[in-house]
Structure formats: C-alpha cells, structure tokens
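The values are calculated or read from the model by the stated rules, or taken from the named source; none is laboratory data. Quantities reported herein were computed from a predicted structural model and do not represent experimental measurements. So basically every Cβ, Gly included, is an ideal-geometry build from the backbone, and we count neighbours across all protein chains shown. All accessible areas refer to the heavy atoms of the entire protein, side chains included, with ligands and DNA or RNA removed. Shrake-Rupley method; radii C 1.70, N 1.55, O 1.52, S 1.80 Å.
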Amino acid sequence: MNDREISGSSEQAVLNLDKVSISYSGVAAVKNVSFPIAKNKVTSIIGPSGCGKSTLLRSLNRMNDFIPEVSIDGQISFAGQNLYAEKVDAVSVRRRIGMVFQKPNPFPKSIYNNIAWGPRINGYAGSSDELVEQSLKQAALWDEVKDRLDSSALNLSGGQQQRLCIARALAMEPDILLMDEPCSALDPISSARIEDLIFELKSQYTIVIVTHNMQQAARISDYTAFMEMGDLIEFGITDQLFTRPKKQRTEDYVTGRFG
Ligand SMILES: Nc1ncnc2c1ncn2[C@@H]1O[C@H](COP(=O)(O)OP(=O)(O)OP(=O)(O)O)[C@@H](O)[C@H]1O
C-alpha cells in the first residue's frame, strides 16, 4: 500500500496517479495529472465538458484498453503496484476496480441473474441467493425487488436500474468503485437516493465519481480534482476546494463565473 500523504493528512492512497497523460491518436486528452485516491473515501473529478474526466476515470481500471487509439504515459499505482505493468491482468484489475456508467445498462436478464451471473462465470462458489440478497441490500434496492427477482431488469425504473448496476458491481466484491456521471440520467429523487447510497458505501469501498454537478461533488465527496482542458488545475479536500480554492480558475469555476 502507498502511504503517500493526501492533502496534508496521513490517509492511505489506494490508487496513485503520477504524471499521467492520455492521448487519442496522439491528441492529448489528459496532461501530466498527479493525485492520490484515498481509501474508503469519495473522490470527485469535476470540470467542464471535454476536459478529460471520463478518459481519466476509464484509465483507473484499464477500460481505455478497449479503445485502440489510446496511449497512456506516467504511472498509476494500485495498492503500490503499477496498474499497467506487463504482468498485470486487466480482467482481474476490472474485477477489483468496478465501474458504473452514466446510463444504466442492466443485462437483458432477470434481476437475479444480473447480479449472480458475473460472479458465477468468475468462479464464485458461494451461495448465489445470499450474494444476490446482500448486493441488493447494499445497493438499497432489496425491499423494492425482493418479490420479483425473476422478472426482467429492463422493467425497472431508471433509478432502480442504476441501483441494480451498482449492486451488480458490488457483487464482484471490488475494492474500488468508479462511477461516471451515475446520476445524470436520473430524476432528482433517484439521484438523491444514489447520493445517499454513495455515502453509505464509502465505509466499505473507495469511490471515484465523475460528475458535472458541482453541488453533488460538494455534498458527497471528501476530495475533489478539478480539471480543465486535460490539466489538473487543483486537487484537495472538497470543502477547501469549494470554499477556499487556491487557484483563481478553480474559484471562477466553482462560483459559476467560468467562461
Ligand atoms: N474515443 C475517443 N476518440 C478520440 N477522442 C476522444 C475519445 N473519447 C474522448 N475523446 C476526446 O478526449 C477529450 C476528453 O474527453 P472526455 O470524454 O474524457 O471528457 P469529459 O470531461 O469526460 O467530457 P464530458 O463531461 O462531456 O463527458 C475530448 O476532447 C474528447 O473529444
């Protein structure tokens, strides 16, 4: 584990980005970005559209490997090990670092099998019933679906589908959960439920969330990284970044004076 200090505290960094640059066909989308991600905390990545938030997030569990034109420089360490080292298996990285996307994307299967399928094909030998119940409870969905586990996940509301996707990610027992705009397709009540859920999950998981919604970042995250045009402008404790930013550009953005 990396014990690098996080903004003056002695919190443990479970992931550490060191001079990370990411390009698409040679065009830089993320430039020389360094910051740590603290264990069992929520870290938000904010910034205007196109600044590289999703690109950076996807690099944290090697999802960018699926895009052939991507190249990455610098180092991302996970539990002290280079995430991109040759001997590291990207599939097992994605098992330990799960991801939830902007648009809920349940499988066209039953609610039960949305949860049970992934662990089963990955060799999970425990009780699927217990895993399904536990994951749905963790995602605050159990009470709403416990009597219709065999019905299609596609019949759930958008907010329920997103909680199902969170449950599906949790069933793989990841260490870290990456969330790319998980509330942007949801109504305010469903968004609030996901926010509450994120708050509860951080006692057990490390969460990194990309959000357009600055109020949301301020409400739910412990640390915030503010990016602009691929550069990391400021990283720090959320409260400080929003109320006493060190950089004028951060202040302009968080106070809505940007652009
Ligand atoms: N597959 C791709 N191929 C080429 N360029 C890409 C690709 N994906 C993203 N980009 C470019 O990389 C830059 C960063 O995009 P990215 O999606 O990471 O930004 P973002 O901050 O997440 O934006 P948004 O908030 O609008 O989702 C943009 O200029 C974008 O056009």
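Just to make sure I understand: if all protein chains stay in place, what is the order of 235, 35, 107 by accessible area at 1.4 Å, largest first?
Greatest to least solvent exposure: 107, 235, 35.
Taking H as built 1.01 Å from N, whose amide H comes closer than 5 Å to the amide H of residue 21, not counting residues under 5 places away?
Hits under the 5 Å cutoff: 32, 33, 73, 74.
Just name one of 70, 97, 81: the one whose Cα is farthest towards the positive end of the charge dipole of region 5-113 (beta-carbon charges, Lys/Arg +1, Asp/Glu -1).
97
Send over the semi-axes of region 154-259's equivalent ellipsoid, whole angstrom and largest first, taken as the square roots of 5 times the C-alpha gyration tensor eigenvalues.
After scaling each eigenvalue by five and taking roots: 28, 15, 12 Å.
Eigenvalues of the Cα gyration tensor times 5, then square-rooted: what semi-axes does that give for region 33-150, in whole angstrom, largest first?
Calculated on Cα positions only, the semi-axes equal 31, 18, 15 Å.
If you take the Cα atoms of the chain, find Rg, then find the Kirkwood Rh from the mean of 1/r over all pairs, what is Rg/Rh?
Using Cα coordinates only, the ratio equals 0.97.
What dipole magnitude, in Debye to the nearest 20, does region 106-169 give about its Cα centre under +1 on Lys/Arg Cβ and -1 on Asp/Glu Cβ?
In debye, rounded to 20, region 106-169 gives about 220.
Given a 1.4 Å probe and the protein chains all in place, what does the accessible area of residue 172 round to, in Å² to the nearest 10?
Counting only protein heavy atoms, residue 172 exposes about 60 Å² to solvent.
Could you compute how much accessible surface residue 95 exposes when probed at 1.4 Å, giving the result in Å² to the nearest 10?
90 Å²
Roughly how many debye, to the nearest 20, is the charge dipole of the chain about its Cα centre, given +1 on each Lys and Arg Cβ, -1 on each Asp and Glu Cβ, and no other charges?
Taking the Cα centre of the chain as origin, the dipole is about 240 debye.
Using bins 10 angstrom wide from zero, how does P(r) for region 141-192 break down, in % of all Cα pairs?
All Cα pairs, binned at 10 Å, distribute as 22, 51, 26 percent.
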